[in-house]
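Undergrad: I am attaching a structure below and will ask some questions about it afterwards.
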Amino acid sequence: QVPVGKDDRLLVFGVAGFGARVVEVSTVGATGTVTINPGLSASGEDFSTDGGFVSSQGLWTHGTPPASVPGAFAGSQCWGIGMDGLGYADDQADTLYSPVYDLSGVPAGPHYLSFHYFTDTEANFDGVNLEVSTGGPFTLLHPVEGYSDLFLGGLSQEAGWSGGTTRWLGTVFDISGLTGGSLQFRLKFGSDFGVTAPGFFIDGITFGRGLISTPVPDDLAISFRVAA
């Protein structure tokens, strides 16, 4: 059950070949069972190749994830820290750069960047975050659903994802104000001087535009019952 008369958000993810999406849901005036069937944008990069991404220090690598990860999210390969299965060491840092995307011809409207990630890093200390550039300096961008941690020692006290997950999770970034020219993003990894862990992995890069999306099977419809 969910409370009546409230607005809420659902983070929809986990479909191989599709991106993640945040769906605004309102129960104002709703009674009984409410069913929504969110469309998801088709993924543009499944990392069957390296996708033109470049690691600055060589810690981020492209390949088949180790046994500690439940396979790549889409296809058989992904990018990750700890791809060799040996994990990462203390006091390490590396940045994974995306290609430069030309968004000069993108029509006006809400636009989103999404992908899936699997993390197994020292909780509250080591992790990854994302920065974007439109031709100038890179700046930190927060996902719509928020990072798991606000201050990570391995990232010089910046916010980021940390800790462990048992499955691939989706994340969504609002890039509506970053279109109209070039766009590049980078994923920063950092560890502190303490405990080490297996690593961090990403897969399935997707750029989605507003509510224009690719329908997914009906069995992905989401139902909930409004509390009386």
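Undergrad: Among what's in segment 53-78 and is closer than 12 Å to residue 205 by Cα and at pLDDT 95 or above, pick the residue that is most open to solvent (accessible area, probe 1.4 Å).
TA: Taking segment 53-78 and keeping what is closer than 12 Å to residue 205 by Cα, we get 53, 73-74, 78.
With the extra rule that they be at pLDDT 95 or above, the set shrinks to 53, 73, 78.
Details: 53: 7, 73: 29, 78: 0 Å².
The residue in question is 73.
Undergrad: Let me confirm something: among 177, 164, 160, 146, which residue is open to solvent by 40 Å² or more (accessible area, probe 1.4 Å), without any contact (Cβ under 8 Å) to a residue 40 or more places away in the chain and of a type outside the set (A, V, I, L, M)?
TA: Working: 164 fails: without any contact (Cβ under 8 Å) to a residue 40 or more places away in the chain; 160 fails: open to solvent by 40 Å² or more (accessible area, probe 1.4 Å); 146 fails: open to solvent by 40 Å² or more (accessible area, probe 1.4 Å).
Within the list 177, 164, 160, 146, the selection yields 177.
Undergrad: For segment 98-121, enumerate the residues that are hydroxyl-bearing (Ser, Thr, Tyr) and buried (at least 18 other Cβ atoms within 10 Å of the Cβ). Please lay out each step first, then the result.
TA: Of all residues in segment 98-121, those hydroxyl-bearing (Ser, Thr, Tyr) come to 98, 101, 104, 112, 114, 117, 119, 121.
98, 101, 112, 114, 117, 119, 121 - these are the residues of segment 98-121 that are hydroxyl-bearing (Ser, Thr, Tyr) and buried (at least 18 other Cβ atoms within 10 Å of the Cβ).
Undergrad: Can you give me the number of residues within segment 180-209 that are of a type in the set (Ser, Thr, Tyr) and open to solvent by 10 Å² or more (accessible area, probe 1.4 Å)? Write out each step before concluding.
TA: Here is the first cut: in segment 180-209, the residues of a type in the set (Ser, Thr, Tyr) are 182, 191, 196, 206.
Narrowing the set further to residues that are open to solvent by 10 Å² or more (accessible area, probe 1.4 Å) leaves 182, 196.
Going through segment 180-209 one residue at a time, the tally reaches 2.
Undergrad: Still on this structure: Only one of 117, 112 is in contact with a helix residue (DSSP H, G or I) (Cβ under 9 Å, 6 or more places away or on another chain) and not in a loop (DSSP other than H, G, I, E, B); which?
TA: Only one candidate qualifies: 112.
Undergrad: Within segment 87-119, can you find the residues that are modelled with pLDDT of 95 or more, farther than 13 Å from residue 44 by Cβ and hydrophobic (A, V, I, L, M, F, W, C)?
TA: The answer is 89, 93, 96, 100, 118.
Undergrad: Suppose we filter segment 24-45 for residues that are touching a Lys or Arg at 6+ places or on another chain (Cβ under 9 Å), loosely packed, with under 15 Cβ neighbours inside 10 Å and not small (Gly, Ala, Ser); how many remain?
TA: Summing the residues that are touching a Lys or Arg at 6+ places or on another chain (Cβ under 9 Å), loosely packed, with under 15 Cβ neighbours inside 10 Å and not small (Gly, Ala, Ser) in segment 24-45 gives 3.
The values are calculated or read from the model by the stated rules, or taken from the named source; none is laboratory data. Please read all numbers here as calculations on a predicted model, not as lab measurements. A quick note on method: Cβ atoms are made from the backbone with ideal geometry, for glycine too, and the neighbour counts reach across all protein chains shown. The accessibility values were calculated without ligands, DNA or RNA, using every heavy atom of the protein model including side chains. Shrake-Rupley method; radii C 1.70, N 1.55, O 1.52, S 1.80 Å.
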